[in-house]
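Asker: Mind looking over this structure? Questions follow.
The values are calculated or read from the model by the stated rules, or taken from the named source; none is laboratory data. If you're wondering where the values come from, they're calculated on a predicted model, not measured in any experiment. Glycine gets a Cβ as well: all are built from the backbone with ideal geometry, and neighbour counts include every protein chain shown.
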Ligand SMILES: Nc1ncnc2c1ncn2[C@@H]1O[C@H](COP(=O)(O)OP(=O)(O)OP(=O)(O)O)[C@@H](O)[C@H]1O
Ligand SMILES: O=C(O)C1=C[C@@H](O)[C@@H](O)[C@H](O)C1
Ligand SMILES: [Mg+2]
């Protein structure tokens, strides 16, 4: 028995208590978990905490890009523009999404490319952390490392990005979780049992 198995999952991933329905298996314990959502959704904060509880390695796609380039995300945007950033993001996502036993916090715009959406849908279980534009804005308004919000109307920009991306987050999501005004710890506490008992249709 592997110690890192989540509660309720057995090594062959059949349902605890016997395969009443052999077509349904529990979330394989090493299948990657991907967090998607807008900037400020809590992907980094919640992802790190989830990984600790699920005894998984935590990766953050923005941090991965910063480590590879040696500069902050905002400087990648300044030097290479959004197009250059997105190219690097796709390469990093392709590599990171092949890793087993991870929780990966993606960047807010990682769902924009069809290629990225394919990686997310085919390689892991995707959690969409949803929040309203007002709530998102409260969380990110003071952060300077979010280049897309460096405009004269950051709240309006956030609102239009959310509108444009919502269907894309929904498209890739295995689970949509409304964070509402829940505190981080409360979101994590609610997500853990959902993930531990998540059933995958093979
Ligand atoms: N549920 C929450 N309640 C209150 N504050 C939150 C919640 N989730 C995240 N935050 C706070 O919002 C800020 C942004 O969170 P975080 O950096 O985790 O977002 P993100 O989804 O990773 O954004 P990005 O796409 O820009 O990387 C942080 O200061 C974090 O502590
Ligand atoms: O929402 C977005 O498009 C972004 C979100 C961040 O995670 C970074 O990936 C970058 O600032 C772009
Ligand atoms: Mg983040």
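Asker: Can we say residue 190 is over 14 Å from the mean Cα position of the chain (by Cα), in a helix (DSSP H, G or I), more than 24 Å from residue 69 (Cβ to Cβ) and free of Cβ contacts under 8 Å to residues at least 24 places away in the same chain? Give the steps one after another, and end with the answer.
Answerer: Working: over 14 Å from the mean Cα position of the chain (by Cα): yes; in a helix (DSSP H, G or I): yes; more than 24 Å from residue 69 (Cβ to Cβ): yes; free of Cβ contacts under 8 Å to residues at least 24 places away in the same chain: yes.
Judged against the criteria, residue 190 is a match.
Asker: When residues of the range 63-99 are filtered for being surrounded by 19 or more Cβ atoms within 10 Å (Cβ to Cβ), more than 10 Å from ligand 2 (Cβ to nearest atom) and free of Cβ contacts under 8 Å to residues at least 60 places away in the same chain, how many remain?
Answerer: 4
Asker: Restricting to the range 88-109, name every residue that is part of a helix (DSSP H, G or I) and touching a helix residue (DSSP H, G or I) at 6+ places or on another chain (Cβ under 8 Å).
Answerer: Residues satisfying the conditions are 88, 89, 90, 92, 93, 94, 96.
Asker: Select from the range 110-127 the residues that are within 16 Å of ligand 3 (Cβ to nearest atom) and crowded, with 19+ Cβ neighbours inside 10 Å and list them in ascending order.
Answerer: Residues of the range 110-127 that are within 16 Å of ligand 3 (Cβ to nearest atom), as a first pass: 110-112, 116, 120, 126-127.
Those that are within 16 Å of ligand 3 (Cβ to nearest atom) and crowded, with 19+ Cβ neighbours inside 10 Å: 110, 111, 116, 120, 126, 127.
Residue by residue, here is whether (1) part of a strand (DSSP E or B); (2) in contact (Cβ under 8 Å) with a residue 40 or more places away in the chain; (3) loosely packed, with under 14 Cβ neighbours inside 10 Å holds:
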position: 129; (1), (2), (3): yes, yes, no
position: 148; (1), (2), (3): no, yes, no
position: 160; (1), (2), (3): no, no, yes
position: 168; (1), (2), (3): no, yes, no
position: 182; (1), (2), (3): no, no, no
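Asker: OK, next. Go through the range 89-109 and report how many residues are at pLDDT 95 or above and more than 15 Å from ligand 1 (Cβ to nearest atom).
Answerer: Restricting attention to the range 89-109, the residues satisfying the condition of being at pLDDT 95 or above are 89-99, 102-109.
Remaining after also requiring more than 15 Å from ligand 1 (Cβ to nearest atom): 90-91, 94-95, 97-99, 102.
Residues flagged as at pLDDT 95 or above and more than 15 Å from ligand 1 (Cβ to nearest atom) within the range 89-109 amount to 8.
Asker: Same structure, new question: Which condition breaks for residue 77 when tested against (1) within 16 Å of ligand 3 (Cβ to nearest atom); (2) under 15 Å from the mean Cα position of the chain (by Cα)?
Answerer: Residue 77 satisfies all of (1) within 16 Å of ligand 3 (Cβ to nearest atom); (2) under 15 Å from the mean Cα position of the chain (by Cα) except (2).
Asker: Restricting attention to the range 66-82, which residues are assigned to a helix (DSSP H, G or I) and over 13 Å from residue 148 (Cβ atoms)? Before you say what the answer is, go through the steps one by one.
Answerer: At the first step, the residues of the range 66-82 found to be assigned to a helix (DSSP H, G or I) are 66-69, 73-82.
Correct list: 66, 67, 68, 69, 75, 79, 80.
Asker: Now for a different question. Just to check your reading of the model, which residue among 161, 112 is more than 9 Å from ligand 1 (Cβ to nearest atom), within 26 Å of residue 79 (Cβ to Cβ) and over 15 Å from the mean Cα position of the chain (by Cα)?
Answerer: Details: 112 fails: over 15 Å from the mean Cα position of the chain (by Cα).
Sole residue among the options that is more than 9 Å from ligand 1 (Cβ to nearest atom), within 26 Å of residue 79 (Cβ to Cβ) and over 15 Å from the mean Cα position of the chain (by Cα): 161.
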